[in-house]
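Input: a single structure, listed below in structure tokens.
The values are calculated or read from the model by the stated rules, or taken from the named source; none is laboratory data. All values derive from a computational prediction rather than experimental measurement. Positions of Cβ are backbone-derived with ideal geometry, glycine not excepted, and every protein chain shown enters the neighbour counts. Accessible surface areas use protein heavy atoms only, side chains included; no ligands, DNA or RNA. Shrake-Rupley method; radii C 1.70, N 1.55, O 1.52, S 1.80 Å.
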Amino acid sequence: MKLKHLTAVVLSMGLLFMISCKGKPKDADIQATVVAALQSTPGVTADVKDGVVTLSGTVATEADKDAAENTAKVAQGVKSVVNNLTVTPPPPPPPPAPAAADADATLKTAVEGIVKDFPGITADVKDGVITITGESKADRWKKLKIALDGLKPKKVDASGLKIK
Amino acid sequence: MALQDKYKELIDAANAAGVSGLQVNEQDGVLHIDGEAPSGAVKDQLWGIYGKIDPNFLTGDVVMNIDVATAVAGAKLKVTTDATNLNIRKGPGTDQPIVGKAAHNEIVSLISKQSDQWWLIRTDGGVEGYASTTYLTPVE
């Protein structure tokens, strides 16, 4: 008799426990469904209380914000959605690192602007190195060399230059 | 290091002459010397020493970029072309229209430095525009 009584108590406790669990998981279930549905929109978290979903976090665009809300709305068991998402556009991609080619182009323009006043001399620019070819008088070349060094090249290669 | 030994006289002279912000860096077999000389004469002197160590600057193991401290707004500049007139342009660049000319050896005034290559100058005749720094030498 005593054992039977105990079993009844245990059983009823178990039943109570199950009932109490059954009410709560509902929000948890909804949350799982909503989170699964929102997987394609990272950065969004969903809290569920009494069937009301509160979305928080940041998304990149207004469209993403609306889409997340609509996704949450159609999840099973959702009564309403509080959309607390903020729209923060991602920072613009950093400008492409000035490629060596661009630096060469800038340097080349500057070099050409100077060298064109020095007939008989041609200059080429590659990888920051100015290569000089042609013929020049020593004092003219000195003037050119001073000007070219002012452009801060990696090197001024004049091995192809003949001094008259 | 070997390059610094080769150009020791040049570096020592730059230090002795009071070149400010002097930087000597060796990179990929080229010695880069940067700094600001207190006068145009010092700059000339340094280029003279450089030319003595490396006749006609043909080795290509030095890039020397020495500015002149006295070349500030209001300074007088001499037009150091070979013999020809110096073009004064509307903007900094040889593609810019010519607004006037300064004669060989004429003295002009520096208004501002647009870059290391182009300075805004004014002639005594009142012509104002950009000229290539290659042909402008500060007058002490």
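Computed over the alpha carbons of the protein assembly as shown, Rg followed by Dmax gives 37.0, 128 Å.
Translational diffusion coefficient of the range B:21-140 (Stokes-Einstein, Kirkwood radius from Cα pairs, 25 °C, 0.890 mPa s): 160 µm²/s.
Ordering B:135, B:83, B:123 by Cα displacement along the dipole of the range B:76-138 toward the positive end leaves B:123 in first place; charges were set at the Cβ atoms of Lys, Arg (+1) and Asp, Glu (-1). For the range A:66-73, backbone phi angles converted through the Karplus equation (6.51, -1.76, 1.60; θ = phi - 60°) give residue-by-residue couplings of 5, 4, 5, 5, 5, 4, 5, 4 Hz, Gly and Pro being listed as x.
Derived scalar couplings between HN and Hα for the range A:121-132 equal 10, 10, 10, 10, 10, 8, 6, x, 9, 8, 10, 10 Hz in order, rounded to whole Hz, by the Karplus curve 6.51 cos²θ - 1.76 cosθ + 1.60 (θ = phi - 60°), x for Gly and Pro. Between the beta carbons of residue B:80 and residue A:47, assuming R0 = 51 Å, the FRET efficiency works out to 0.10 to the nearest 0.05.
Each label was represented as a point 7 Å from its Cα along the Cα-to-Cβ direction; for residue A:63 and residue A:5 these points are 7.1 nm apart. Indicate the residues belonging to the range B:96-140 that lose 50 Å² or more of solvent-accessible heavy-atom surface (probe 1.4 Å) upon moving from the chain alone to the assembly of all protein chains, ignoring ligands and nucleic acids. Listed by number, the residues meeting the 50 Å² cut-off are B:117, B:134, B:135. Can you give the accessible area buried between chains A and B, summed over both chains, with a 1.4 Å probe, in Å² to the nearest 100? The buried area between A and B, both sides summed, comes to about 2000 Å².
Rg over Rh for the range B:76-138 works out to 0.90, both radii taken from alpha-carbon positions and Rh defined as the Kirkwood radius. Relative to a virtual label point 7 Å from the Cα of residue B:9 in the Cα→beta-carbon direction, which members of the range B:52-82 show backbone nitrogen distances below 12 Å? Only B:52-55 pass the distance filter. Ranking A:55, B:31, A:148 by Cα position along the charge dipole of the protein assembly as shown, where only Lys, Arg, Asp and Glu carry charges on their C-beta atoms, puts A:55 farthest toward the positive end. Projected label points at residue A:36 and residue B:128, each 7 Å from Cα along the beta carbon direction, are separated by 7.5 nanometres. In this Cβ point-charge picture (+1 for Lys and Arg, -1 for Asp and Glu), the range A:100-163 has a dipole of about 260 debye about its Cα centre. Each other residue within a Cβ distance under 13 Å of residue A:112 adds +1 if Lys or Arg and -1 if Asp or Glu, for a net charge of -2. Considering only B:18, B:42, B:111, the residue lying farthest towards the positive end of the dipole of chain B is B:111, judged by Cα position with unit charges set on Cβ.
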